[in-house]
1. For region 97-111, indicate whether the set of residues that are of a type in the set (S, T, N, Q) and either at pLDDT 70 or above or touching a helix residue (DSSP H, G or I) at 6+ places or on another chain (Cβ under 7 Å) (or both) is non-empty.
2. Scan region 51-77 for residues that are at pLDDT 70 or above and assigned to a loop (DSSP other than H, G, I, E, B) and report the count.
3. Do you know which residues across region 25-38 are surrounded by 14 or more Cβ atoms within 10 Å (Cβ to Cβ) and over 19 Å from Pro71 (Cβ atoms)?
Amino acid sequence: MSQQSAVEFVTRASADAQLFMDVIEATGGLDPTSVDDAQFVAATAVGRRAGYDFSPAELQQAFDAFAAAHPEQMYDRELSLAELDLVAGGGNPECQVVTGTGRSPHSFAVPGKFV
C-alpha cells in the first residue's frame, strides 16, 4: 500500500467529476469537517476499483493534507459543469412547469407550449 497512491487518488478525485461522484455515492456524502472511518473504508474501495492501492489510514492522511492545502475546494463550493451534468439529469424543452391556480398573487405560470 502506498501513501503516494492515496495522494494521487485524492488529487484525481478532486478533478475528475465521475470519480468524485463515485466517492460521494459510496460514502453517502462527504462533509469535510466530519468524515468517519466507515467513509474512508468506502472511499478506499472506490480507489481500489480505480486502480489505486492504499489503506483507509493512508487515504485519511492524504485527504487531510489536501484539505489543508486546498481549503477553497473543500467548503461551500459550486458544482463544476461536469458535476452538475451528473446530478441534474436531462431536460425536455417540451416540458413546462405550472404552479398555483393563477388566483393568488403568489402563483405563476410559465408561458410556453403545454400538452
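The values are calculated or read from the model by the stated rules, or taken from the named source; none is laboratory data. Fair warning: this is a prediction, and the values are worked out from it, not measured in the lab. Cβ coordinates were reconstructed from backbone atoms using ideal geometry, including for glycine residues, and neighbour counts include every protein chain displayed.
1. Within region 97-111, not a single residue is of a type in the set (S, T, N, Q) and either at pLDDT 70 or above or touching a helix residue (DSSP H, G or I) at 6+ places or on another chain (Cβ under 7 Å) (or both).
2. 6
3. Within region 25-38, Ala26, Thr27 meet the criteria.
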